[in-house]
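What follows is a single structure, written as C-alpha cells, with notes after it.
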Amino acid sequence: MNGYLLDNLPENHPIKQDVHYFDEQYGGSNPLEIYLKAGPEASSLMDYQVLEALEKMESKLTELTGTDQFLSPLTLVKTINQAQNQGSAKAFVFPSPGQFQRMGRYLERAGEEINFKLLVNDHQEGRISGRSPDFGSYKMAQIRAAFEEFVSQEIDPQLLTIQWTGTAYLIDHGHQSVTIQMAKGLGVAFLVVGLIAGILFRSWRISLILLIPNVIPLIWMLGMMILLGIEFKLTTAILFTVAFGIAVDDSIHFMTRLRFELGKGKSLIYAMKRTVMETGRAIVLTTLILVMGFGLLIASDFGVTHFTGLLIAASLIVALLSDLLLLPVLLLPMKKVWEKKARKLIR
C-alpha cells in the first residue's frame, strides 16, 4: 500500500511543482514529528547524556531522510553554544562537556521565551520537528521502522523514549487502517453474498459457483493495476468494493431469472437460453450504460477520478463476459442438481 500527499494531481500541476520545489530547496514538504520523553534515569531532556542520544537520533534521521533541518531541544543547546562563540556558524554543533557546563544558567530558561514549543512539563517532554521529502507512505513506513530499530538498539530507554506523531504519520496510519478495513469489508461481502445465494438457491455448491464470475473482474482489475503501475491505496482499494457490488448484481439477476425458468418445469439448457435472451439483454444494456458513464471519467486529469473510470469500466466489461459466458458453463455440471431442485419448486 502506498500513497502521497498529492498523488492524485498530474505532474505538471502548479501545486505539485511547488511541492517538488520545496522538497529540493527546503529539505521537504512532508511534516516529520517525533515525541520525546525523558526516561526514569534522566532528570530532564536537557541532561547531557540525553542530548548525546538526541544527537545520535538526528544523525540517523539525516541518514534515512536526506535532510538535516530539525528543531529539537538539541537545537536550543547548539544555538546557545553558537551565541557563546560570537555567533560563529562553525559553533552550531553539539558542545563538549565543558562548554555545556558554561551554558547552565541559559539552559534553565531554554525553550520558555520562544513561541515554538520544543520543551514542556518542566523539560520532561519535548519533540523533534522537521520536514522530509514526500517519499510516499510505503517508503516512509520503512524509514520509521529502520529508525525505531536504531533507537531500540542504540538508545537507552532509561534515558529517553520516543514515539512517532504528527500530521503525516496520522495520515499514513489512517490510510493503511482504512485500506485494511476495506479489504476486510470485501471479504465479509463475499461471505454475505455467498450465504444469501446459498439460502436463495438452497445449495452451497451453487453459491460457490456464483462467486467465481464475480472474483474474475476483481482479479482483472488487480492485473491492470500491476501492468499500468497503479499503486494500491485508499482511493484504489475502494474501487474493488464498487466493482464487486455492480458485478454481483448482474449475477443475482441472471440466477434469479434462471431459477424462475426452471420453476416452470423447463430443462436447464432451455432455461439458460431463455435467461440469456431475456435477462441477458438487460444486463448487456445496463453494463453498456455504466461503462459509458464511468468511461467519461477517464478524461479527467485528477488521478482518483481517472483510475475510477478506467478500472471500473474495464471490470464491468469482464463481469459481463463472465456472467454471460462463464457462469452458464459452470452451471452445466450442476444439471442433475438443478433438475432436482426444479421438481421441488414445481411441487
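The values are calculated or read from the model by the stated rules, or taken from the named source; none is laboratory data. Keep in mind that what you see is a predicted model, and the values were worked out from it rather than measured. With ideal geometry, Cβ positions are generated from the backbone for all residues, glycine too; neighbour counts draw on all protein chains shown. Protein only, heavy atoms only, side chains kept; ligands, DNA and RNA dropped before computing areas. Shrake-Rupley method; radii C 1.70, N 1.55, O 1.52, S 1.80 Å.
Here are a few things to note about the model shown:
- Being more than 22 Å from ASP134 (Cβ to Cβ) and aliphatic (A, V, I, L, M) holds for only one residue in VAL50, VAL19, and it is VAL50.
To keep it simple, each residue is scored yes or no on (1) among the aliphatic types (A, V, I, L, M); (2) part of a helix (DSSP H, G or I); (3) at pLDDT below 80.
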{"site": "ASP172", "(1), (2), (3)": "no, yes, no"}
{"site": "GLY187", "(1), (2), (3)": "no, yes, no"}
{"site": "VAL193", "(1), (2), (3)": "yes, yes, no"}
{"site": "LEU200", "(1), (2), (3)": "yes, yes, yes"}
{"site": "LEU210", "(1), (2), (3)": "yes, yes, no"}
{"site": "PRO213", "(1), (2), (3)": "no, yes, no"}
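- Restricting LEU61, LEU5 to residues that are touching a helix residue (DSSP H, G or I) at 6+ places or on another chain (Cβ under 7 Å) and touching a residue at least 40 places away in the same chain (Cβ under 8 Å) narrows the list to LEU61.
- Only one of the listed residues (GLY185, GLY265) is under 19 Å from the mean Cα position of the chain (by Cα), open to solvent by 30 Å² or more (accessible area, probe 1.4 Å) and not aromatic (Phe, Trp, Tyr). That residue is GLY185.
- Total residues in the range 55-88, condition among the β-branched types (Val, Ile, Thr) and either in contact with a Cys (Cβ under 8 Å, 6 or more places away or on another chain) or farther than 26 Å from PHE22 by Cβ (or both): 2
- Test: ALA314 is open to solvent by 50 Å² or more (accessible area, probe 1.4 Å) and out of contact with any Ser or Thr (no Cβ under 6 Å at 6 or more places or on another chain): no
- With respect to being open to solvent by less than 80 Å² (accessible area, probe 1.4 Å), touching a helix residue (DSSP H, G or I) at 6+ places or on another chain (Cβ under 8 Å) and at pLDDT below 90, ALA168 fits the description.
- Residues satisfying the stated conditions in the range 65-93, i.e. within 23 Å of GLU148 (Cα to Cα) and buried (at least 17 other Cβ atoms within 10 Å of the Cβ): THR65, THR67, PHE70, SER72, PRO73, LEU74, THR75
- Considering residues of the range 134-165 that are in contact (Cβ under 8 Å) with a residue 60 or more places away in the chain, touching a strand residue (DSSP E or B) at 6+ places or on another chain (Cβ under 7 Å) and open to solvent by less than 30 Å² (accessible area, probe 1.4 Å) only, the residue nearest to MET1 (Cα to Cα): TRP164
- Qualifying helices (runs of 4 or more DSSP H) (wholly inside the range 70-110; at least 3 residues being free of Cβ contacts under 8 Å to residues at least 24 places away in the same chain, over 16 Å from ALA53 (Cβ atoms) and not aromatic (Phe, Trp, Tyr)): 73-83, 97-102
- Only one entry in ILE289, ILE212 is open to solvent by 40 Å² or more (accessible area, probe 1.4 Å), without any contact (Cβ under 8 Å) to a residue 40 or more places away in the chain and β-branched (Val, Ile, Thr), namely ILE289.
- Only a single item in (1) assigned to a loop (DSSP other than H, G, I, E, B); (2) closer than 18 Å to PRO133 by Cα; (3) of a type in the set (Ser, Thr, Tyr) is not met by SER43, and it is number (2).
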